[in-house]
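Just so you know, all these numbers are worked out from the coordinates, no wet-lab data involved. Nothing here was measured: the structure is a model prediction, and the numbers come from that model. Note that each Cβ is placed from the backbone with ideal geometry, even for glycine, and that neighbours are counted across all protein chains shown.
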2 protein chains.
Amino acid sequence: MFALCSLCPAVAESVSEMKSEFEFIKRIRAEAARHSDVSADLVCGIGDDTAIISEREGRETLITTDLLVEDVDFKLCYAPPRCLGHKALAVSLSDIAAMGGVPRYSLLTLAIPKQNPQSTIHNPQLEEFWEEFFAGYFALAEKCGVILIGGDISSAPERLTIDSVVIGQCRRGQAVRRGGAHVGDGIYVTGEVGRSAAGLELLQRGERMSEGEERPAQKAVRAHLMPEARVEFGRQVGERRLAQAMIDISDGLAQDLAHICADSGVGAVIEYDAVPVAAEVMLVAEDKKAAFALAVSGGEDYELLLTAGREAEAELIAISRACQVGLTRIGEITTASETEFESKLQLRRGGRLETLKARGYDHFL
Amino acid sequence: MFALCSLCPAVAESVSEMKSEFEFIKRIRAEAARHSDVSADLVCGIGDDTAIISEREGRETLITTDLLVEDVDFKLCYAPPRCLGHKALAVSLSDIAAMGGVPRYSLLTLAIPKQNPQSTIHNPQLEEFWEEFFAGYFALAEKCGVILIGGDISSAPERLTIDSVVIGQCRRGQAVRRGGAHVGDGIYVTGEVGRSAAGLELLQRGERMSEGEERPAQKAVRAHLMPEARVEFGRQVGERRLAQAMIDISDGLAQDLAHICADSGVGAVIEYDAVPVAAEVMLVAEDKKAAFALAVSGGEDYELLLTAGREAEAELIAISRACQVGLTRIGEITTASETEFESKLQLRRGGRLETLKARGYDHFL
């Protein structure tokens, strides 16, 4: 755990230029202090062996961690540092949103390459890199009311590695689990799917983010590099207890729906024509069928996938409008088919049912 | 956050042999379940978007994270995987102990190299590596009553990176901070210092850990590879409110004492002859002076350094005996010398006072 004693100006110098690791931590601490509102429950943030948070009766702590490894989860040749800082926080915020919780605190762990000759465009040694990274991180933290309360820093031989912890809260018993889906529930998804996967494909083909441009390719690239976690929608759905089950789409819609089905002991039928495939997917897909496949298997959309009874639908739609987030009913929870052991997911296309394969991203395939 | 749905046999297959990342997570989850007692406050561990912990009025949550990067914080050529699993947890347990808290839960994040040709001795691709790693991790977790409740896994291009989060608890207002030292407090340290630094030096000179051997060199090597966090001592000191300030010696005694002094606005005088320098330091130091320097500047001892009033001394000694941990009074807290701005630490040697430099390990020097 990093921990330092006195405040000092904003993150303004590079790791290589700084006197020491402690100087770097001081700057992060100062930035954290500058961007944070006072939290009544936060006894101690950065600055001791551990952070200290007061507990309250009737409340639950939610905690999640997400790892981003250079050249596996991102490449510095296409990920601007400001986007990387944003995304490092967004991926964990999304997990809190998927529980219907309120994100409150974060910890950030960085393994920083001493030298990274392969990263000529955005070298994490450079002062500007960390200014931009923390600008992205703290802008999102501030928007969502999240306070950075700790972390750790190490040097690394080659690759930048980021571990992002977010701590959220909800009222006792209110967290929306994966295992609560019931037969007959509608299946809903926020926003559109596949845009992030299309963006990644475009980045791999050489497209680069360009500020201010509104071309579809830029929209896709931005969705991949700066995903928007559905923090406010998730919070309201959780608070009003509208969802039976909820998960964020990080592994791909089909894979994440399979998680809900497995944990709930149910099956699901998805309507082919109902799935809100992002228009940008056609930039990289040969036909509509390929676009659909990419949209349901490509991960990192960070939309929320939830199941809810009919009686909740009107309120869900009202919340989605208030949050300016699309919401689409894409299918229904069914009984788990005993004969379809491998996949509990079915797809209705042109009146016929077929198996929908639950295949998302896997780090070791 | 990793999250899976069904239990399965213990960690028994290698990453390369396993069908997928999800299979690997299933095995970790099964191990976590096998090694954990039921915790009344744990609503959900591994298996959803986030872990869920019930809060209680009058209690505080302590949270810390520590990063271990291959070839920076450890080398696979000398760190047996069982030791690495142990140490990954121990370093964060030590932070909770330094707050006087009780460790309760942990999260573990792993960036695992797909291929690591440089690591011929302990290749993290191998089944045995992870069996041993988790045997070390869970043995310590079980001993300390800690439950693994989450984490994340990614592949990595080259180096194994481990991020270890531990969550602890204490009664409200009871956490022992760094900033509480008072002028006149005695300064105490558990165990002996410098053994870990000596062990690291011996490892770098080619010494390797050998089970069952009791040579001094082996004792030093073991102290570095399998440090013992002072969990029970820290917990009792916290519970009985005996310490004014406490920190664990991860950066080196002088550096960590400097943190206490800076946060408390005080100075410190250390008695040269009182510091419990581990005998093994002489295996790598040329003379007694060099041994002292290594002992107070070498980090990773994970002993506890605390300050306390005279009235607490008898009880502190009683606890140290009950915990079978040595405890030595090594000096006294003084007023911060205005003229000694750079270092508030002084060393009394042969009746004369000199400046003690606060220099520990720094990742970027």
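I need the Kirkwood Rh of region B:178-355: take the reciprocal of the average 1/r across all distinct C-alpha pairs and report it in angstrom. The Cα-based Kirkwood calculation yields 16.5 Å. The mean count of C-beta atoms from other chains within 10 Å of the C-beta of residues in B:261-269, rounded to a whole number, is 1.
Across region B:21-171, Cα-Cα distances exceeding 27 Å account for 20% of all pairs.
With its label point defined 7 Å out from Cα along the Cα-to-Cβ axis, B:A33 lies at 4.7 nm from the matching points of the other copies, in increasing order.
Its residue count N sets the reference 2.2 N^0.38 Å, and the alpha-carbon radius of gyration of region A:271-313 equals 1.38 times that reference. If you take the Cα centroid of region B:302-334 and the Cα centroid of region A:235-274, the two points sit 54 Å apart. As a length-normalised measure over Cα pairs under 8 Å and 6 or more apart, the relative contact order of chain B settles at 20 percent. Among residues other than B:T50 with Cβ under 13 Å from its Cβ, the summed charge is -4 (Lys and Arg +1, Asp and Glu -1).
Distance between the pseudo-spin-label points of B:S210 and B:A318 (7 Å out from Cα toward the beta carbon): 4.4 nm.
Simple spin-label estimate for B:E286 and A:C77 gives 4.9 nm between the two label positions (7 Å along the Cα-to-Cβ direction from each Cα). Just need log10 I(q)/I(0) for region B:290-337 at q = 0.13, 0.16, 0.26, 0.30 Å⁻¹, Debye formula, equal scatterers on the alpha-carbon atoms, no solvent, rounded to two decimals. So the normalised log intensities work out to -0.42, -0.62, -1.09, -1.16.
Other residues with beta-carbon under 12 Å from the beta-carbon of A:A217 carry, at +1 per Lys or Arg and -1 per Asp or Glu, a net charge of +1. Distance from the alpha carbon centroid of region A:154-187 to that of region B:170-223 works out to 35 angstrom. In the protein assembly as shown the Cα-Cα distances spread across 10 Å bins starting at 0 as 3, 15, 25, 26, 17, 9, 4, 1, 0, 0 percent of all pairs. In degrees between 0 and 90, to the nearest 10, how far off the longest principal axis of chain B does helix B:127-144 point, with axes built from Cα atoms? Between the helix axis and the principal axis of chain B, the angle is about 50 degrees.
A cut-off under 10 angstrom between Cβ atoms defines the neighbours of B:H259, and their net charge, with Lys, Arg +1 and Asp, Glu -1, is -4.
Within the set A:K143/A:K344; A:K143/B:K75; A:K75/A:K344; A:K26/B:K75; A:K219/A:K288; B:K26/B:K143, which residue pairs have Cα atoms separated by over 31 Å? Intermediate results must be reported in sequence, preceding the final value.
Numbers: A:K143/A:K344 38 Å; A:K143/B:K75 41 Å; A:K75/A:K344 35 Å; A:K26/B:K75 29 Å; A:K219/A:K288 19 Å; B:K26/B:K143 23 Å.
As for pairs spanning more than 31 Å Cα to Cα, those are A:K143/A:K344; A:K143/B:K75; A:K75/A:K344.
Take the Cα radius of gyration of chain B and divide it by 2.2 N^0.38 Å, N being the number of residues; the result is 1.02.
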